[in-house]
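Report on the following structure.
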């Protein structure tokens, strides 16, 4: 069987991680970035053609199976629609888009084109996350009483000044999109639809370099009646400190903790046992800062199994939309939309 042929649009901080797994699961055939130096860096390193616009990529390459979108958030929707219409599968980095209406347009285009729209939500593969999800699905918590999501990371002045889209309302959209959409995805995956939201956000430390929020506090009421809270910030002193999710229920309680939801801090259940968990992967390294857990190998494994064997992809574009929907509700409640 021929190896799946990938092209990458956007040669930024996450791109090197994608290339590693493309080489393991398929073949990189081209890269594209409007910043010539970035495109040339990857093209020269991996000995593939480079292009500086998507139109040039489409004109120059006729044997692409999947295009990977690693561009600023605000560009995802338009680029995905263009590539789907040209008959290519698309894998888009988080967030899927910055509005629900754009997500709907992307999904509709994929359906009409008969092509797959894949999203990246790799925190679902963290061993503690998978173990707790299994207990939730089995009803091991009984009635759910509450949840607390805490995200205390660091993004300093240099981070925002290193790329002009960072901190932009139109291209970044807010830290819940850029830093914490993986965590919001898990809130939806674990607890379902959000009905009501109260929220306050602020920009306390980055007003000279960012148009968006850098911290916030949120109260969520879910369709099942449970109330949860989110406290998030990118003002953590010097480095990322915590990414945790605490769940309280009638028959048990657990805290998934660490910096990236990568450990179990405590657990107590009436009739469930968390077995010894395998070691998870490390965080994504971006030189001067870190991101979420590096599970992109599992993302590509699932994508290839879907295309070659018809196996359902581990998440859905509809789930990607729901993540954006929750973030939109939070920012609307905080009067930022």
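The values are calculated or read from the model by the stated rules, or taken from the named source; none is laboratory data. As the structure is a computational prediction, the values presented were derived from the model and not from experiment. Don't worry about glycine lacking a Cβ; one is built from the backbone with ideal geometry, like all the others, and counts go over all protein chains shown.
The table that follows gives values for the structure above.
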quantity	calculated
Any chance residue 123 is within 23 Å of residue 321 (Cα to Cα), touching a helix residue (DSSP H, G or I) at 6+ places or on another chain (Cβ under 8 Å), buried (at least 20 other Cβ atoms within 10 Å of the Cβ) and at pLDDT 95 or above	no
Residues of the stretch 261-317 satisfying the condition of being at positive phi and modelled with pLDDT under 75	287
Qualifying residue in the stretch 135-155 (condition: loosely packed, with under 14 Cβ neighbours inside 10 Å and closer than 20 Å to residue 234 by Cα)	no
Odd one out for residue 222 among (1) under 19 Å from the mean Cα position of the chain (by Cα); (2) buried (at least 18 other Cβ atoms within 10 Å of the Cβ)	(1)
Any hit, the stretch 141-152, residues being on the phi < 0 side of the Ramachandran plot and assigned to a helix (DSSP H, G or I)	no
Selection from the stretch 1-22 of residues that are touching a strand residue (DSSP E or B) at 6+ places or on another chain (Cβ under 8 Å) and without any contact (Cβ under 8 Å) to a residue 60 or more places away in the chain	3, 11, 15, 19
Search result, residues across the stretch 2-22 that are assigned to a loop (DSSP other than H, G, I, E, B), within 25 Å of residue 305 (Cβ to Cβ) and out of contact with any helix residue (DSSP H, G or I) (no Cβ under 7 Å at 6 or more places or on another chain)	2, 3, 10, 14
Scan of the stretch 1-12 for residues that are surrounded by fewer than 20 Cβ atoms within 10 Å (Cβ to Cβ) and closer than 18 Å to residue 300 by Cα, ordered by number	1, 2, 3, 4, 5
Residues of the stretch 225-265 classified as closer than 15 Å to residue 188 by Cα, surrounded by fewer than 16 Cβ atoms within 10 Å (Cβ to Cβ) and in contact (Cβ under 8 Å) with a residue 12 or more places away in the chain, total	2
Total residues in the stretch 23-56, condition surrounded by 15 or more Cβ atoms within 10 Å (Cβ to Cβ), in contact (Cβ under 8 Å) with a residue 24 or more places away in the chain and either assigned to a loop (DSSP other than H, G, I, E, B) or touching a helix residue (DSSP H, G or I) at 6+ places or on another chain (Cβ under 9 Å) (or both)	10
Flag for residue 80 being under 28 Å from residue 173 (Cβ atoms), free of Cβ contacts under 8 Å to residues at least 60 places away in the same chain and crowded, with 22+ Cβ neighbours inside 10 Å	yes
Residue check for residue 210: surrounded by fewer than 18 Cβ atoms within 10 Å (Cβ to Cβ) and either farther than 30 Å from residue 133 by Cβ or free of Cβ contacts under 8 Å to residues at least 24 places away in the same chain (or both)	no
Single unsatisfied condition, residue 104 versus (1) crowded, with 18+ Cβ neighbours inside 10 Å; (2) under 20 Å from the mean Cα position of the chain (by Cα); (3) not assigned by TED's automatic domain parsing to the domain that holds residue 174	(1)
